[in-house]
Amino acid sequence: MTANKHRVVALVVAAGQGSRAGGGSPKQFRSIAGKAVIAHAVDALARHPRIEALMLVVGTGQEDTVSALISPQKVAAIAQGADSRRGSVRAGLEAIAAAGGADLVLIHDAARPFLPADVVDRLLAALDTAAGAIPVLPVADTLVRGVGDRAGNVVDRSGLFRVQTPQAFHFDTILAAHRDWDDAQEATDDAQMLRAGRHDVILVPGDERLEKLTYPQDFDRAETWLAGQRTTRIGMGYDVHRLAEGEQLWLGGVQIEHDRGLAGHSDADVAIHAIVDALLGALTEGDIGSHFPPSDPQWRGAASSRFLEYAGARVADRGGRIDHVDLTIICEAPKIGPHRERMRTRIGEILAIPLDRVSVKATTTEGLGFAGRREGIAAQAVATISLPALF
């Protein structure tokens, strides 16, 4: 069979308590580089073009916490886990089956948040010839058996591997393996259950970035490592709207008293629109019109703050951070100076960034052009963001 023709569903197991990691909360909910561990894992899977749906398994009472940390459109459903990892995986598999099933499934631990796409590629390719595939790393260190606190014999490490997740399986086969498993035994991973049924499991190269977060020092190491795995992007946005009688004037998210306002399909906040385009440009995700087309009636009269919230969320969804926004408003009137700080504050609120990352300036055109003739207002914005270079 050819795996490329199959429906692929990812199952993320996040029902553990992770007490060894410290921090006062389950490790999957702790933050790394301003983003929850579980959100890193979910986003990595959601970005892969072969994965059609995601199922999450969480602990009892954790549904609201998880929903607040991830983008809901990325997850098909959330299932309640069990007291053991095996039980939680079984619950997730049964939930997938109840929702229509899958051809192939990737079972992943949320505590392994940094998943390179090429690992998924290798796993899915391996399912062309086997019922299961797992990512592994060779054991590089010398291994010894311990006798109390004394070193015993050296263990031959040839043929030994460290197993990672996600593990990939033909869905019906791994579901049957879970259903047939003797509850009196505990399985260390899902591939073990498949092998017990005499199915082949192929080893594919894993990745050091997939190391599991277990102890407090793992989080410190991940933060330090991620800091060196980011790239800086700069985007520029420019927008113009005409001034018209009977319109409200919104600039930088602030309503300003003026004899005329800006005309447009939404509230025509030219300053906010420029920032949105700058952020989308830095992400290489088109412009404001491609995300909020003027032909769509739902955006008629909409507050431009919604567009800016969306652009900020797009940066966060990519694991990014907004480092700086520099806005220039071009008009003869009204005077921007009296409103500058309110604009800075409002933009910072919408994007959830500190005030010292928001700059608002104004200039005139010395009476030249449409702005000089007071026919309209223009705005130009530059946004600087940082994105993970990891994937």
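Taking springs between alpha-carbon atoms closer than 10 angstrom, which of Ala76, Ala15, Ala282 fluctuates most in the Gaussian network model of the chain?
The residue with the greatest mean-square fluctuation here is Ala76.
Between region 92-133 and region 144-164, how many Å separate their Cα centres?
30 Å
Reported to two decimal places, what Rg/Rh ratio describes region 246-308 when computed on Cα atoms with Rh from the Kirkwood expression?
On the way: Rg = 11.8 Å, Rh = 12.0 Å.
Across region 246-308, the Cα-based Rg/Rh ratio is 0.99.
Give the shape of region 3-227 as rounded, prolate or oblate, defined through the alpha-carbon gyration tensor: a ≥ b ≥ c are the square roots of its eigenvalues, a/c under 1.5 means rounded, and otherwise the shape is prolate if a/b is larger than b/c and oblate if not. Before the final figure, lay out each step's value.
Numbers: a/c = 1.44, a/b = 1.10, b/c = 1.31.
Rounded.
Can you tell which of Gln167, Gln80, Gln255 shows the greatest fluctuation in a Gaussian network model of the chain with Cα springs below 10 Å?
Evaluated over the chain, the most mobile residue of the options is Gln255.
Tell me, what ³J(HN,Hα) does each residue in region 62-71 have, in order and in whole Hz, if you take phi through Karplus 6.51 cos²θ - 1.76 cosθ + 1.60 with θ = phi - 60° and put x for Gly and Pro?
Values per residue, Gly and Pro as x: 9, 4, 5, 4, 5, 4, 6, 9, 10, 7 Hz.
Could you name the lysines in cross-link range of Lys27, using Cα to Cα under 18 Å and dropping any fewer than eight places away on the same chain?
Lys35, Lys212
Can you run phi through the Karplus equation (6.51, -1.76, 1.60; θ = phi - 60°) for region 33-45 and list ³J(HN,Hα) in whole Hz, with x for Gly and Pro?
Residue by residue, region 33-45 yields 6, x, 9, 4, 3, 5, 5, 4, 5, 4, 5, 4, 6 Hz.
Step through the residues of region 134-146 one at a time and calculate ³J(HN,Hα) from phi using the Karplus curve (6.51 cos²θ - 1.76 cosθ + 1.60, θ = phi - 60°), rounding each to whole Hz and writing x for Gly and Pro.
9, x, 9, 10, x, 7, 8, 7, 5, 10, 10, 7, x
Kirkwood hydrodynamic radius, computed over distinct alpha-carbon pairs, for region 298-359: how many Å, to one decimal?
Details: mean 1/r = 0.0770 Å⁻¹.
Hydrodynamic radius (Kirkwood, Cα only) of region 298-359 equals 13.0 Å.
How large are Rg and Dmax for region 108-252 when calculated on the C-alpha trace, in angstrom?
Considering region 108-252 through its Cα atoms, Rg and Dmax are 24.4, 88 Å.
Amide H to amide H under 5 Å from Ala131: which residues, 5+ apart in sequence or cross-chain, H placed 1.01 Å off N in plane?
Under 5 Å from the amide H of Ala131: Asp200.
Given H placed 1.01 Å from N in the peptide plane, which residues other than close sequence neighbours of His241 have an amide H under 5 Å from its amide H?
When sequence neighbours closer than 5 places are left aside, the close amide H contacts are Ile377.
Identify which of the listed values of P(r) over Cα pairs in 10 Å bins from 0, in percent was calculated from the structure shown: [x] 5, 25, 33, 23, 9, 3, 1, 0, 0; [y] 5, 20, 24, 20, 14, 10, 5, 2, 0; [z] 4, 18, 21, 21, 18, 12, 5, 1, 0.
The calculated read-out lines up with [y].
As a test of the formula, what do you get for the chain when each DSSP H run with n ≥ 4 contributes -39,500 (n - 2.57) and the sum is divided by the residue count, at 222 nm and rounded to the nearest 500 deg cm²/dmol? Before the final figure, lay out the partial values.
Numbers: 12 runs with 117 residues, N = 391.
After summing the helix terms and dividing by the residues of the chain, the value is -8500 deg cm²/dmol.
Counting DSSP beta bridges in the chain, what percent are antiparallel, to the nearest 5?
Roughly 60 percent of the beta bridges in the chain run antiparallel, per DSSP.
Give me the distance between the Cα centres of region 25-66 and region 289-346, rounded to whole Å.
Each part's Cα centre sits 28 Å from the other's.
Ratio of Rg to Rh for region 230-388, alpha carbon only, Kirkwood?
Numbers: Rg = 14.9 Å, Rh = 15.5 Å.
Result for region 230-388 is an Rg/Rh of 0.96.
Would you pull out the residues with amide H under 5 Å of Asp323's amide H, same chain only if 5 or more places away, H placed 1.01 Å from N?
Thr384, Ile385, Ser386
Report the relative contact order of the chain, percent, no decimals, based on alpha-carbon pairs under 8 angstrom and at least 6 residues apart.
15 percent
Taken together, the values in this text are just the output of simple stated rules run on the coordinates, not laboratory data. Everything quoted here is computed from the prediction, not taken from an experiment.
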